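Asker: Input: one structure, supplied below.
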Amino acid sequence: MGALVAAIVLLLAGGGSSTPATAQPLAAKPRAAACTPLSAGTHRLPSIDGRIPVVLYIAHRAKPGGALVLGLPGAGQRAHDFASYTGYSKMAERKGFTVAYPTATTRPE
């Protein structure tokens with residue numbers, strides 16, 4: 001779960017930041033391409049390698065590197081149902097943050 005949250009934060013931050021080097025290494029490694037931030041709205045992050053799927057809601061006012069709220073549903077709840085029940089996505093629009101809703105069931109979204 002920690003790796004998933006880190007990946008989401010990295011996506012929202014636009015690929016992370018880099019610190020300028022003071023000395024050039026002997027053999028510089030090629031830089032990886034930066035991630036493209038996701039647009040505002042609802043995104044479904046599918047299950048990969050048996051990990052749980054996540055629904056991600058990015059508010060229109062959310063900024064890269066901004067707050068990420070992790071909504072933890074009860075056992076058996078689907079991310080979509082939990083999002084509707086809590087109203088966190090509406091609050092995210094008002095306050096300008098992002099919400100990640102992992103699913104807690106094997107039922108399809």
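The values are calculated or read from the model by the stated rules, or taken from the named source; none is laboratory data. Keep in mind that what you see is a predicted model, and the values were worked out from it rather than measured. A quick note on method: Cβ atoms are made from the backbone with ideal geometry, for glycine too, and the neighbour counts reach across all protein chains shown.
Asker: Here are the criteria: (1) at pLDDT 55 or above; (2) out of contact with any helix residue (DSSP H, G or I) (no Cβ under 8 Å at 6 or more places or on another chain). Tell me which single one residue 37 does not satisfy.
Answerer: All conditions are met except number (2).
Asker: Do you know which of the residues in segment 54-70 that are over 11 Å from the mean Cα position of the chain (by Cα) and buried (at least 19 other Cβ atoms within 10 Å of the Cβ) is modelled with the lowest pLDDT?
Answerer: 62
Asker: Could you tell me which residue of segment 80-89 is modelled with the lowest pLDDT, considering only residues that are within 17 Å of the chain's Cα centre (by Cα) and closer than 18 Å to residue 40 by Cα?
Answerer: Taking the candidates together, the pick is 80.
Asker: When segment 90-107 is examined, which residues are found to be under 15 Å from residue 43 (Cα atoms) and assigned to a loop (DSSP other than H, G, I, E, B)?
Answerer: Within segment 90-107, 97, 103 meet the criteria.
Asker: Could you check how many residues of segment 70-109 are of a type in the set (Phe, Trp, Tyr) and in contact (Cβ under 8 Å) with a residue 40 or more places away in the chain?
Answerer: Going through segment 70-109 one residue at a time, the tally reaches 1.
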